[in-house]
Amino acid sequence: MDQTNILEAQMLTKVYEDGLCALDHVSFSVKAGEIFCLLGDNGAGKTTTINLFLGFLNPTEGVAIINGIDVAKDPLAAKQHVAYLSDVVMLYPNFTARQNLDFFARLGGRQNLKRDDYYNVLRQVGLQEKAFEQRLKGFSKGMRQKVGLAIAIVKEAPAIILDEPTSGLDPKAANEFLAILHQLRAQGRAILISTHDIFRAKEISDTVGIMSEGKLLAMKTRAELEHENLEKLYLDYIQGKVAA
Amino acid sequence: MLKILLEKELRDIIYSTKFAITFAAAAVLVLLSFYVGIRNYHESVREFEAAKATNAASIAAATDWRQVQNRVFRKPQPLEVLVNGVTNDVGRTTDMRASGELTLINSRFSADPLFAVFRFLDLNFVVIIVFSLFAILFGYDAINGEKESGTLKLVFSNKVSRASFIMSKLLGSVIALGVPLLVPLLIGCLMLLGLGVPMSGDEWIQLGLLIFAGLLSFGVFLTLSIMISAMVTRSSVSFLLSLVVWIFSVLIVPKGSVLLASQIASAPSMDAIESQKRKFTADQMTRRMAAMQQWFSSRSVGMDTSFTSKFAAFQDSSTKSFEKERQEFYGRLNEDWRNKKDWQEQWAFGISRVSPTAVFQIAAMNLSGTDVGMKFRYLKELDRYQDSYAKFIQAKTGSTADYMRVIIRRFSTAQSDEDKQKTLNPSELPEFVVQPRPLGSTIAASLFDLGLLVVLNALFFGGAFFAFLRFDLR
C-alpha cells in the first residue's frame, strides 16, 4: 500500500474569538489505505478538526493538508481530493437516491456518469434496488447514510472524512456500514472518522486518536490496541489518570 | 458549477410538494381574480348601458330641454377589474347641469356595502397577499434550511464557491417560482381576450407592466426572505422574522402611513368643505332671491313678450354673475383643499413606500388608472363636458338653465303650436367621452415605483449575497 500521507494535521490549533481553544496543537496523519478514528466525547475537538480539513474554519496555528495541499491556502483545490459524509445526512428529500448521487457526483467533478454507474455505487453500499429511484423523503436514517456513503464513494477522492457516521444507526446498519469502509480501505482510500463509539472505533481503525478538550491525548495503532482495553484506556485518558 | 447548482435548485423547488400545493393555490387565485374581474367588468358594462338607455328614455320623454335631468355615467375600464384601487369608492353617476358644481354619486360600494367590507378578489390582492406569502414560504429556509439538513456542508465539501452557491439560490428561486407564476397570469390575459374584454394597445402595455410589477414585488419578498435566511442560523427564527416583515409590510405600514400623514399634514375633511359650500350656496340663494324681489318691485309685472324677455335677460345676467362668484369661491376652496390633500397624500405615499407592498400597490393603481387621482381626472373630464353641455343647452333654450331659474309660460285651453312640441331627441346631446390618460403619463406616474421595486430587488439580492459570504457553514 502507498505510504503517502493523504490527510495530515500539523500542530493544528483553533482559538475562537471569545478565547475558547477548541483545538490545541493537534498533529496526526492518515495514509492511503488507512482508517484513522478520532475518539472523544462532545466538545473534544473532533468536529473542529474536520471543519479545518474542509476549510469551514481557518486554523489559528498549524496546517491541515489534503493530498499535499494546504487547505487554508487553497481550500477549493484541496476539496477536490476529499469526500465528506456528515453526521446529519438529510440530503435532498425531494430527489431520488440516484438524483442525489448525480448532483453530488457532478459537484465533485464526475460529469459523465451514466445511470448504471450510479446504480452500481448504490448497490455497492447495499441500498435496495427498489429504493434507487425513490425520493429520500421516506428513507430511514440507515438508508440515507448509505446514500451519503455512495456520494462519498462516487467522488473517487483519495481521502474520505466521516463525521459520526454510525450515530443513530441500528447495529445491523452500522455493521453493513463498517463493512463498506473496509472495502474502501482496501481500495486505498485514506479515511478519517470522528466518533464517540469506542467499540466501533476499535473494530474498524488502523489508528485511534483519543481527544479531549481540544488535545490529541494519545494515538494507538491496531496492534497496540489488541492488548489493551480501549474503553478503560479512553476513560483513563479523558479523566487525566494517564499522562498525555 | 453554477449551472449544476442552478439546475439542482430548480429541480429541488419544482419537485417539492410545497411547490405543487402553493403553486396550485396561487394559480387558482390568479385565474379566479381574472375571472371575477371579467365578470364584474361585463356586469358593470351592462349596468352602464342600462343606465344610459334609461337616461336617454327619460330625455326622449321630455318636450323641453329645460326640463331635462341629464345624467352621465362613468364607463367601466377593463384594467379597473384587475386592480380595483379607488374605482369602487368613486361615484359612477353624475347629474349633469349646465352650471354648478358636479358631484359623483352611486359608487359601487354604496350600491353593494358588503363588498366595501370584504372588498373584491382582484389581481392586486393576489399579488399583495398570496404572491408575497408564496415567496416567503420558499425563501425563509433557503440557506439555513440547507445548514439544518446537513446539505450545506456536503455541498461545500466540494469545489464550490460561496458566490456561485448564493447566485444559484437566488437565480434558481426567482426562475423556479417566478416563471410558473407567469403561466396563470398569461392564461388570465388570454381569458381577457377570449371573454370579450375590449383592450386597447395601450391597455395591453399597461397590463404587461402591471404583471412585471407583480413579479418584481414577488421578487422583493423572495430575495428579502433569502437574505434573512442567510443572516439567521435557524429556519424557525428566519420564518418568524420574515412573517413579521410581511405583517408590517402588508398590514401595518400602509395603514400606519395614512394615520401618520394625517398627523403631519392635516387637511380639512370633505364634510367640512361641503359644509362651507352649502353655507355659501344658501347665502347666495338668499341674495339671489333678494335681487329677484328687487327686480320685480322696481317694475310692474306683465305677461307681454317684452316683460318675459327682460326677465330672462335679468336672470341670465344674474345667473352668470352668481355662477362666476360660485365658481371662484368653490375653485378657491377646492384648490386649497386639493393642495392640502396632495401634501397629505405625498406624505402618506412617501412613508408607505417603506413597504414593498405599498410600492407595488401604488405602481399597480397608477398603471391601471385607479389611483387616488382618478376621481379628479374624471371630474376634470366632467367639467370639460359641462362646458359643451352648457353651450348645447344655451343653444337649445337660449339660456343656461339653473336651479334658481323661473320660467314664465302662458297657458291656454287650446294648445298653441308652441305647446305642441315634439319630444326630444337624446342623440342631439353632445356625447360624453372620457379621454383616456395618455400612455406616457401612465408610465411616467408609475415609473418611480417600478424603479423602486427594481432597486429593492437589487438591494435584497445584494444583501443576501453579502450575508451569505459571511454565513457560518459549519
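Which condition breaks for A:Asn112 when tested against (1) modelled with pLDDT of 90 or more; (2) more than 10 Å from chain B (Cβ to nearest Cβ)?
The number of the failed condition is (1).
This table checks each residue for (1) among the aromatic types (Phe, Trp, Tyr); (2) within 15 Å of the chain's Cα centre (by Cα); (3) part of a helix (DSSP H, G or I).
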{"residue": "B:Val83", "(1), (2), (3)": "no, yes, no"}
{"residue": "B:Ser99", "(1), (2), (3)": "no, no, no"}
{"residue": "B:Ser132", "(1), (2), (3)": "no, no, yes"}
{"residue": "B:Gly145", "(1), (2), (3)": "no, no, yes"}
{"residue": "B:Leu152", "(1), (2), (3)": "no, no, yes"}
{"residue": "B:Val155", "(1), (2), (3)": "no, no, yes"}
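Yes or no: B:Ser157 within 14 Å of chain A (Cβ to nearest Cβ), surrounded by fewer than 22 Cβ atoms within 10 Å (Cβ to Cβ) and at negative phi? If you could, list the steps in order and put the result at the bottom.
Details: within 14 Å of chain A (Cβ to nearest Cβ): yes; surrounded by fewer than 22 Cβ atoms within 10 Å (Cβ to Cβ): no; at negative phi: yes.
Considered against the rule, which asks whether it is within 14 Å of chain A (Cβ to nearest Cβ), surrounded by fewer than 22 Cβ atoms within 10 Å (Cβ to Cβ) and at negative phi, B:Ser157 comes out as no.
Could you run through region B:33-46 and say how many residues are in contact (Cβ under 8 Å) with a residue 12 or more places away in the chain and more than 16 Å from B:Val83 (Cβ to Cβ)?
Let us first name the residues in region B:33-46 that are in contact (Cβ under 8 Å) with a residue 12 or more places away in the chain, namely B:33-38, B:40-42, B:44-45.
Still in the running and more than 16 Å from B:Val83 (Cβ to Cβ): B:42, B:45.
Total satisfying the criteria: 2.
Pick from region B:287-328 the residues that are surrounded by fewer than 10 Cβ atoms within 10 Å (Cβ to Cβ) and of a type in the set (Val, Ile, Thr): which of them is nearest to B:Thr397 (Cα to Cα)?
Looking at residues that are surrounded by fewer than 10 Cβ atoms within 10 Å (Cβ to Cβ) and of a type in the set (Val, Ile, Thr), I get B:Thr305.
Which residue out of A:Gln124, A:Gln128, A:Gln134 is in contact (Cβ under 8 Å) with a residue 40 or more places away in the chain and more than 12 Å from chain B (Cβ to nearest Cβ)? Talk me through it step by step, then tell me what you get.
Details: A:Gln128 fails: in contact (Cβ under 8 Å) with a residue 40 or more places away in the chain; A:Gln134 fails: in contact (Cβ under 8 Å) with a residue 40 or more places away in the chain.
Criteria check complete, one pass: A:Gln124.
Can you go through B:Leu5, B:Leu10, B:Leu79 and tell me which one is within 14 Å of chain A (Cβ to nearest Cβ), in a helix (DSSP H, G or I), in contact (Cβ under 8 Å) with a residue 60 or more places away in the chain and surrounded by 20 or more Cβ atoms within 10 Å (Cβ to Cβ)?
Numbers: B:Leu10 fails: surrounded by 20 or more Cβ atoms within 10 Å (Cβ to Cβ); B:Leu79 fails: within 14 Å of chain A (Cβ to nearest Cβ).
Going through B:Leu5, B:Leu10, B:Leu79 in turn, the sole match is B:Leu5.
Regarding B:Thr103, is this residue of a type in the set (S, T, N, Q), closer than 30 Å to B:Leu429 by Cβ and free of Cβ contacts under 8 Å to residues at least 60 places away in the same chain? Talk me through it step by step, then tell me what you get.
Numbers: of a type in the set (S, T, N, Q): yes; closer than 30 Å to B:Leu429 by Cβ: yes; free of Cβ contacts under 8 Å to residues at least 60 places away in the same chain: yes.
It is true that B:Thr103 is of a type in the set (S, T, N, Q), closer than 30 Å to B:Leu429 by Cβ and free of Cβ contacts under 8 Å to residues at least 60 places away in the same chain.
Suppose the filter is surrounded by fewer than 16 Cβ atoms within 10 Å (Cβ to Cβ) and away from every other protein chain (no Cβ under 14 Å); does B:Ile143 pass it? It would help to see each step written out before you state the result.
Details: surrounded by fewer than 16 Cβ atoms within 10 Å (Cβ to Cβ): no; away from every other protein chain (no Cβ under 14 Å): yes.
No: the conditions fail for B:Ile143.
Do we find a residue being more than 30 Å from B:Leu6 (Cβ to Cβ) and either within 14 Å of chain A (Cβ to nearest Cβ) or of a type in the set (A, V, I, L, M) (or both) anywhere in region B:118-140? Step through it out loud before you land on a result.
Filtering region B:118-140 down to residues more than 30 Å from B:Leu6 (Cβ to Cβ) leaves B:118-122, B:124-125.
Now restrict to residues that are either within 14 Å of chain A (Cβ to nearest Cβ) or of a type in the set (A, V, I, L, M) (or both): B:121.
Yes, region B:118-140 has at least one match.
Among the residues of region B:37-66, which ones are β-branched (Val, Ile, Thr), modelled with pLDDT of 90 or more and out of contact with any helix residue (DSSP H, G or I) (no Cβ under 8 Å at 6 or more places or on another chain)? Steps first, please.
Restricting attention to region B:37-66, the residues satisfying the condition of being β-branched (Val, Ile, Thr) are B:38, B:45, B:54, B:59, B:63.
If we keep only those that are modelled with pLDDT of 90 or more too, we end up with B:38, B:45, B:54.
Passing the criteria: B:Val45, B:Thr54.
Please enumerate the residues belonging to region B:236-260 that are within 22 Å of the chain's Cα centre (by Cα) and hydroxyl-bearing (Ser, Thr, Tyr).
Answer for region B:236-260, where residues must be within 22 Å of the chain's Cα centre (by Cα) and hydroxyl-bearing (Ser, Thr, Tyr): B:Ser249, B:Ser257.
So for region A:186-204 (the condition being away from chain B (no Cβ under 14 Å), more than 25 Å from A:Gly43 (Cα to Cα), surrounded by 17 or more Cβ atoms within 10 Å (Cβ to Cβ) and in contact (Cβ under 8 Å) with a residue 12 or more places away in the chain), does at least one residue qualify?
Of region A:186-204, the ones away from chain B (no Cβ under 14 Å) are A:186-191, A:193, A:195-204.
Next, from what is left, pick out any that are more than 25 Å from A:Gly43 (Cα to Cα): A:186-189.
Add one more test, that the residue is surrounded by 17 or more Cβ atoms within 10 Å (Cβ to Cβ), and what stays is A:189.
Narrowing further to those that are in contact (Cβ under 8 Å) with a residue 12 or more places away in the chain: A:189.
Checked region A:186-204: at least one residue is away from chain B (no Cβ under 14 Å), more than 25 Å from A:Gly43 (Cα to Cα), surrounded by 17 or more Cβ atoms within 10 Å (Cβ to Cβ) and in contact (Cβ under 8 Å) with a residue 12 or more places away in the chain.
Scan region B:15-32 and report the pairs whose first residue is within 14 Å of chain A (Cβ to nearest Cβ) and whose second residue is of a type in the set (D, E, K, R) and not in a helix (DSSP H, G or I), with Cβ atoms within less than 8 Å and a gap of 6+ or a chain change.
The qualifying pairs are B:Tyr15/A:Arg135.
If the Cβ limit is 6 Å and pairs must be 6+ apart or interchain, which residue in region B:214-240 that is under 16 Å from B:Asp472 (Cα atoms) pairs with which residue that is among the β-branched types (Val, Ile, Thr) and surrounded by 24 or more Cβ atoms within 10 Å (Cβ to Cβ)?
These pairs meet every condition: B:Ser229/B:Ile143; B:Ala230/B:Ile143; B:Ser238/B:Ile228.
For the structure I just gave you, tell me whether A:Thr60 is touching a residue at least 24 places away in the same chain (Cβ under 8 Å), away from chain B (no Cβ under 14 Å) and more than 15 Å from the chain's Cα centre (by Cα).
The answer is yes for A:Thr60.
Identify all residues within region A:79-94 that are within 7 Å of chain B (Cβ to nearest Cβ) and surrounded by fewer than 21 Cβ atoms within 10 Å (Cβ to Cβ); write none if there are none.
Across region A:79-94, the qualifying residues are A:Gln80, A:Val88, A:Met90, A:Asn94.
Residues to consider are A:Leu149, A:Leu122; find the one that is outside the structural domain of A:Ile65 (by TED's automatic domain parsing), of a type in the set (A, V, I, L, M, F, W, C) and under 20 Å from A:Cys37 (Cβ atoms).
Values: A:Leu122 fails: under 20 Å from A:Cys37 (Cβ atoms).
Answer to the check: A:Leu149.
The values are calculated or read from the model by the stated rules, or taken from the named source; none is laboratory data. As the structure is a prediction and not an experimental result, all values here were calculated from the model. Here Cβ is always computed from backbone atoms with ideal geometry, including for glycine, and neighbour counts include all displayed protein chains.
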